[in-house]
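Here's the structure we're looking at; comments come further down.
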Amino acid sequence: MTDRPPHDARVRLAGAGAVLAGIEPLEVYGRVVAIRGLLVEVAGPVAAMRLGGRLDIAVETGAGAVPCEIIGFQGERALAMPFGSLEGVRRGCPAYVRDEAAGAIRPSAAWLGRTIDALGRPIDGLGPLETGPAIYPLRADPPPAHARRRVGPPLDLGIRCINTFLTMCTGQRMGIFAGSGVGKSVLLSMLARYTAADVAVIGLVGERGREVQEFLQDDLGAAGLSRSVVVVATSDEPALMRRNAAYVTLAVAEYFRDQGAQVLCMIDSITRFAMAQRDIGLAAGEPPTAKGYTPTVFSELPRLLERAGPGTGEGAISGLFTVLVEGDDHNEPVADAVRGILDGHIVMERGIAERGRYPAINVLRSVSRTMPKACDPAHLPTVKRARRVLSTYADMEELIRLGAYRAGASAEVDEAIALMPDIEAFLGQGKEEATSIGEGYSRLAEIVGVS
């Protein structure tokens, strides 16, 4: 006896299978019923839609589909925002529901040297991207705190004032806080070129369009680009694209971390990410809070920034995130929130830049939370003495500049005045100059006279 069906039944089953194979997959869609600014309302099978899910709105102008993301629900309607222009969209346009994989990417090692947009598409004219086997969601959860490794050894950034006074460890996350026009982008380019990491993943969020090629060709250069993946969303792109650029940057960094690489992840800037999230939240009907920022801004910031850091394996993501402080107010809401999340902050000041010293870092206002453990104990006396000199001079700086201080009134102040020209020269650094950690400590010891 056998359970195999008779020949006629097998023929009928094969015929039915062929018919089923020819049927087009079922597509679920709703229809556009209203457009308010950049907010699109879609009616239809809302039970098949999810928060953060994707819709493709079909238009009749021959421009293809407009990709959107669902940012909320109101009654029996889904609220969506576009990743591109809404030109050609009208009431009644079908909005096709896409699967969850649309919010993910498939990075591979072949992405090194490439420039991509906030949807993971190549924008450098070098052809399609090779995709890897693993799917990385754009909005992944940070690694579990109890399973993470501790930060690693000191990381050589090539910037001597940071290496010596604000030593950063592998897997640490630091913020660079500065107003506009203080040299933040130049410092970022130096860090991208000189940091001792295997891979650099750089997110340019809300960047000026004309500066992208300058950054790639002049600042990063061919050698820096060959070990980097650059994610770009310029200031003219919709809020969703600017927000997604930060998510894509972290997803790519997570891929290389999982391959065991030491990754340098840089985002310029977190403030523009927060502004994009504010625009999305306000469109969805969230109430504005401090300076108009919505509550989701302050919930998304830690979810994004906590993804950087040590992993559960050998790889780690060392994060450097710039924060654009509005009106040089370092206590504005985004700066204050980010400072509380990260493992240290580097403060750049306009007054220092106006004196012509770059990078314009105020060492006394900057903190690395891994110091002094990150510093070799043999170098701690050098750092402490240099900080004491800087602090003494800062306390008396106004009197010194006004000529109100009389030489000989204080031995400590006299010493600070004598040492400051050499310390200022040490803190300044040319764009094409790199200094290792060991060399930086040696030079500083010579200046302050610690053997």
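Distances between placed amide hydrogens fall under 5 Å for Leu39 paired with no residue 5 or more residues away or on another chain.
Excluding same-chain neighbours fewer than eight residues apart, the lysines reachable from Lys184 by a Cα-Cα span under 18 Å are Lys431. Taken per residue, the accessible surface of the chain reaches 45 Å², heavy atoms only and a 1.4 Å probe. Highest mean packing first, where packing is the average number of other Cβ atoms within 10 Å per residue, the peptides 276-284, 148-156 line up as 276-284, 148-156.
Within the shell of other residues whose beta carbon sits under 15 angstrom from the beta carbon of Gly311, the net charge comes to 0, with Lys and Arg scored +1 and Asp and Glu -1. Expressed as a fraction of 2.2 N^0.38 Å, the value expected for a compact globular protein of N residues, the C-alpha radius of gyration of the chain is 1.20. Evaluating 6.51 cos²θ - 1.76 cosθ + 1.60 at θ = phi - 60° for every residue in the stretch 165-173, the Karplus couplings come out as 8, 10, 3, 9, 9, 4, x, 7, 10 Hz, glycine and proline recorded as x. Among rounded, prolate and oblate, which fits the stretch 260-376 when a ≥ b ≥ c are the square roots of the eigenvalues of its C-alpha gyration tensor, a/c under 1.5 means rounded, and a/b larger than b/c means prolate? Here the stretch 260-376 falls in the oblate category. Nonpolar atom fraction for the chain, defined as the carbon and sulfur part of the 1.4 Å probe accessible area, stands at 54 percent. Any chance you could tell me what percent of the C-alpha pair distances in the stretch 311-364 go past 15 Å? In whole percent, the share of Cα-Cα pairs in the stretch 311-364 beyond 15 Å is 59.
Whole-Hz Karplus values for the stretch 88-95 come out as x, 7, 9, 5, x, 4, x, 10 Hz, taken residue by residue from phi with 6.51 cos²θ - 1.76 cosθ + 1.60 and θ = phi - 60°; glycine and proline positions read x. Amide H contacts of Tyr29 (H built 1.01 Å from N, in plane; Pro and chain starts excluded): Val97 sit under 5 Å, all sequence-distant by 5 or more or on other chains.
Give me the number: length gained by fully extending Arg350 to Asp141, i.e. 0.36 nm times residue separation minus the C-alpha to C-alpha distance, one decimal in nm. Gain on stretching Arg350 to Asp141: 71.6 nm. On the beta carbon distance between Arg31 and Arg150, with R0 = 60 Å, the FRET formula returns roughly 0.65. Considering only the Cα atoms of the stretch 35-82, their convex hull presents on average a projected area of 3.4 nm². With N the number of residues in the stretch 63-144, Rg(Cα) / (2.2 N^0.38 Å) evaluates to 1.35. Cα centroid separation, the stretch 213-256 to the stretch 333-402: 29 Å.
Label sites at Thr131 and Asp336, each approximated as a point 7 angstrom past Cα along Cα to Cβ, lie 4.4 nm apart. Phi angles across the stretch 129-146 convert, under the Karplus curve 6.51 cos²θ - 1.76 cosθ + 1.60 with θ = phi - 60°, into 3J(HN,Hα) values of 8, 6, 9, x, x, 8, 8, 10, x, 5, 10, 6, 7, x, x, x, 4, 6 Hz, Gly and Pro given as x. The stretch 260-322 gives an Rg/Rh value of 1.11, both radii derived from C-alpha positions and Rh following Kirkwood.
At q = 0.11, 0.12 Å⁻¹, what is the base-10 log of I(q)/I(0) for the stretch 189-321 according to the Debye formula with one equal point scatterer per Cα and no solvent? Please give it to two decimals. The calculated log intensity ratios at q = 0.11, 0.12 Å⁻¹ are -0.40, -0.48. Here's how it looks for Phe73: its modeled amide H is under 5 Å from those of Leu79, which are all 5 or more places away or on a different chain.
The values are calculated or read from the model by the stated rules, or taken from the named source; none is laboratory data. This one's a predicted model, so the numbers in the text were calculated from it and none came from an experiment. Virtual Cβ from ideal backbone geometry, glycine too; neighbours counted across all protein chains shown. Each accessible area value is taken on the protein alone, full model and side chains, heavy atoms only, with ligands, DNA and RNA left out. Shrake-Rupley method; radii C 1.70, N 1.55, O 1.52, S 1.80 Å.
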